[in-house]
4 protein chains.
Amino acid sequence: MKGGTNGRPKEGQSTRIQSINREIILYAALEVFSIHGFRGSTVDQIAARAAMSKPNLLYYFRRKQDIYRAVLEATLADWLAPLAAISPDGDPVEELRRYITAKLAMSAEKPAASRLFANEILSGAPVVGDFLRTRLKRLVDEKAGIIRDWVSAGRLAPVDPHHLIFMIWATTQHYADFDVQIRAIIGSQVDRPGFREQTAQAVLTLVLNGLKPRP
Amino acid sequence: MKGGTNGRPKEGQSTRIQSINREIILYAALEVFSIHGFRGSTVDQIAARAAMSKPNLLYYFRRKQDIYRAVLEATLADWLAPLAAISPDGDPVEELRRYITAKLAMSAEKPAASRLFANEILSGAPVVGDFLRTRLKRLVDEKAGIIRDWVSAGRLAPVDPHHLIFMIWATTQHYADFDVQIRAIIGSQVDRPGFREQTAQAVLTLVLNGLKPRP
Amino acid sequence: MKGGTNGRPKEGQSTRIQSINREIILYAALEVFSIHGFRGSTVDQIAARAAMSKPNLLYYFRRKQDIYRAVLEATLADWLAPLAAISPDGDPVEELRRYITAKLAMSAEKPAASRLFANEILSGAPVVGDFLRTRLKRLVDEKAGIIRDWVSAGRLAPVDPHHLIFMIWATTQHYADFDVQIRAIIGSQVDRPGFREQTAQAVLTLVLNGLKPRP
Amino acid sequence: MKGGTNGRPKEGQSTRIQSINREIILYAALEVFSIHGFRGSTVDQIAARAAMSKPNLLYYFRRKQDIYRAVLEATLADWLAPLAAISPDGDPVEELRRYITAKLAMSAEKPAASRLFANEILSGAPVVGDFLRTRLKRLVDEKAGIIRDWVSAGRLAPVDPHHLIFMIWATTQHYADFDVQIRAIIGSQVDRPGFREQTAQAVLTLVLNGLKPRP
DNA sequence: GATGAATGAGCCTTCATTCAT
DNA sequence: AATGAATGAAGGCTCATTCAT
């Protein structure tokens, strides 16, 4: 019997079925936590979504918190990737266009991840607080530096780099986090084929050119 | 000749102490619900914040749901006001500037209200769903029409009106909803005196002028 | 201010409005207790039926138990009267006929009283237990003696007096206590004008003559 | 692949320990409900009697109502059996003698069941109301028809069949429902060995022969 | 690797009762 | 004589977690 005295799966060594089940659980948990938040979600709900008995689920993750933490961590990596990709060597507008497009794609493809994160932050970031203050801050500050340089070089309009980043986050994530509201207002056209491209177009135009008509 | 079921305060007539306590409760509930969401909040927490015994709190609002609904409704009115104020007769840029400024002010002054709303939407809008599909949609569609006219007249750059409104919502509310994250990244300068104006400046510049340097 | 230092009404001295309100309360309490029993009834229900505020009701009867006790006691007197009226000097059949008729009349006119009593006994007679073991037992034993004498004298068929009394109680009270069941079976004819007389006729025939055809 | 909401035992399949515990609970619930009625009983009381923790009890029956309903239904079958056994082909007096004897036996052996039923009816039959109006009514009407035929054939004294049935119910159940009162009056002789037979003797004599001395 | 059974803690809500006016 | 306001003590039910198999 692998995995220690009580057969509970340790990370590192894991059979095929173990890692499969972990995936199933994490996926189910994401769906549930992203809607109801940590306290509003129940282990039962997650177990039901994972088509698994509750004790079996707790065999893989001993505590509700553990599942939550695992889902969040699995999400954070994806979260950082697009921002990390911004390079000081590219063309400023092109780099930002790519970043915005990537974030919008994530919102469309993994809305649950975005909502999970939003919920966590709204609750005061009890779990990812540390991450925000350390890794995220470092990364953001670094990229803000790049943007500042671009502005100094006259390659971007004079904007505060941090506010720019916040604005991009807000705008792109909004389409995932406030999906219900958007649907309530513009209806099912959200599900039409071209909607994503149209959205990207609108957001990019706005962020890059602004509202004032250019001569 | 009363004959009520429990001497619970009747709607319509209310004594001084009643309306005071109602206010206290709603204020406390806003604080609690805005952080933990509906399911994550407990009546105990609210009662504690209201410095009131739990049964006394339930003397004013029979059910947790009733409190939640009342807080939300009290919030929605404020919510609509700035958008409703956009007038077709004003200068487009000026009207939008005023709108954005007003929304940023609300985010700064009543962040809890914004978070409460965000939580409700994230949970699928179980309570305000109807409101979104009716009153909000009507109002947004009306204002979108105004913006469309401005664009047609060449007084605004060609933008999709709905996406513009979403973008403004996202950006302005972000400062309330993701406050914790913003603080984690740019630290306590959030609390410095001029921060609000500086934020407004940055957002307005971005939304109005865009990123690309203007010649 | 009559009635002592705190104005609570003492028995003995009472203003007109006080005794009126007491009556109203007792009447309302009878209706409620007779259906839901002591524990199943709430002061609220009684107050609502009495068209009175709860604190005002408790101004007259300090505790729920007090109301219950008062209603029961008010009922017991009526309860005993018909049995007490059985006289050793009358004709046996005539005396019993009168008794049965009187009990049936009470069932029809004051079904709630009968049900209240039934509920109390079903619950183990926590309040009237003493009464049963003392006053009621004395009275029943006395009347049983009379019946026994009648039997000895050959004026009644040889029956056990106690069982006879129980049977009369059971049969007559049944029409009040199990009213719902009777209605479910024989429907609304219960409310037809002649039903009471018809019932009396049937019960008397049975008790007096029995099932076997008489030659 | 279970995926249930809470690992609550499914109907249909049940392990040994499940059916044992269900029995224990139903038995305990019968004792409690029969004395205090539905509203007057607490899940705590039942759990205590069943020597089980409250949540464990609720693991088997999710709601207090479910337990109540289950106990009642388990009782109703027994309830109908003796009446259903009356056959048109037997001797009328003999059939009724058997019925009365059977009902008295049930009262003596399962007094709690009788009291449970009495409590339910007194409360207005909120749960068994439907049963009374359908299955019970059908059965009673059928048997009433048989009795009516017997009367027509001169094999029974002229009695109203429904009132006869009510009288038998009343009389036989009285010994269970009003046990406390009977004990208060005739004391502990209730527990003496021959009491049951003596009661049966008395009731049968009365119902069959009536009070008037036969020549 | 999986599940049925069990439980302590907590949460929403009701209710009898009291206090102050 | 009456009522609005307040509260402690349950009571029904849920839920994360553990135990045993």
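Just a few scattered comments:
- Measuring with a 1.4 angstrom probe and ignoring ligands and nucleic acids, D:Lys54 comes out at about 80 Å² accessible.
- The alpha-carbon of D:Lys143 sits under 13 angstrom from the alpha-carbons of these aspartates and glutamates, leaving out residues fewer than 8 places away in its chain: D:Asp89, D:Glu95, D:Asp160.
- Mean-position separation - Cα centroids, the range B:113-182 and the range A:142-186, in angstrom: 17
- Using a Förster distance of 41 Å, the FRET efficiency for A:Asp44-B:Asp78 (Cβ separation, nearest 0.05): 0.65
- Accessible area per residue in Å² at 1.4 Å probe, computed on the range B:16-67: 54
- Residues of the range C:90-132 with amide N under 18 Å of the 7 Å Cα→Cβ point at C:Gln65: C:120-121, C:123-132
- With the helix formula -39500 (n - 2.57) applied to DSSP H stretches of n ≥ 4, the protein assembly as shown reaches a computed 222 nm mean residue ellipticity of -22000 deg cm²/dmol.
- Surface share of carbon and sulfur [accessible, 1.4 angstrom probe, percent] for the range C:75-209: 52
- Here is how far apart the A:Pro111 label points are across copies: 2.7, 5.8, 6.6 nm, shortest first, using a point 7 Å from Cα toward Cβ.
- Shape descriptor for the protein assembly as shown: Rg over Rh equals 1.16 (Cα atoms; Rh from the Kirkwood inverse mean 1/r).
- Among B:Ile146, D:Ile35, the order of accessible area from largest down is D:Ile35, B:Ile146, computed with a 1.4 Å probe on protein heavy atoms.
- Using heavy atoms of the protein chains and a probe of 1.4 Å, the accessible area assigned to B:Asp44 is about 90 Å².
- Reach of A:Lys64 by Cα under 12 Å, taken over aspartates and glutamates that are not fewer than 8 positions away in the same chain: A:Asp44
- Among the residues of C:123-129, the average count of other protein chain beta-carbon atoms within 10 Å of the residue beta-carbon is 4.
- Projected onto their three principal axes, the Cα atoms of the range B:16-67 cover extents of 31, 17, 16 Å, largest first.
- Taking every residue in B:158-166 and counting other chain Cβ atoms within 10 Å of its Cβ, the average works out to 6.
- On association of chains A and B, roughly 5800 Å² of accessible area becomes buried (total for both chains; probe 1.4 Å).
- Chain D: most fluctuating residue of D:Leu83, D:Leu132, D:Leu96 per GNM, C-alpha cutoff 10 Å: D:Leu132
- Shielding by other protein chains, D:132-140, mean Cβ within 10 Å: 3
- Cα-Cα over 30 Å, subset of A:Lys54/B:Lys137; A:Lys54/A:Lys110; A:Lys54/B:Lys110; B:Lys110/C:Lys54: A:Lys54/B:Lys137; A:Lys54/B:Lys110; B:Lys110/C:Lys54
- A:Glu31, A:Glu23, B:Glu95, ranked by accessible area, largest first (probe 1.4 Å): A:Glu23, A:Glu31, B:Glu95
- log₁₀ of I(q)/I(0) at q = 0.09, 0.11, 0.12, 0.19 Å⁻¹ - the range A:65-215, Debye sum with one point per alpha carbon: -0.32, -0.48, -0.57, -1.28
- Measuring nothing but how far apart in sequence close Cα pairs (under 8 Å, 6+ apart) lie, relative to its length, chain A scores a relative contact order of 20 percent.
- At a probe radius of 1.4 angstrom, the accessible area of the range C:75-209 per residue rounds to 38 square angstrom.
- Rounded accessible area of C:Ser152 (nearest 10 Å², 1.4 Å probe): 100
- List B:Phe33, B:Phe38, B:Phe131, ordered by accessible area with a 1.4 Å probe, largest first: B:Phe38, B:Phe131, B:Phe33
The values are calculated or read from the model by the stated rules, or taken from the named source; none is laboratory data. A quick note: this is a predicted structure, and the numbers were derived from the prediction, not measured. When we count neighbours, we look across all protein chains shown, and the Cβ atoms used for this are built from the backbone with ideal geometry, even at glycine. Note: accessible area is taken over every heavy atom of the protein model, side chains too, but ligands, DNA and RNA are not part of it. Shrake-Rupley method; radii C 1.70, N 1.55, O 1.52, S 1.80 Å.
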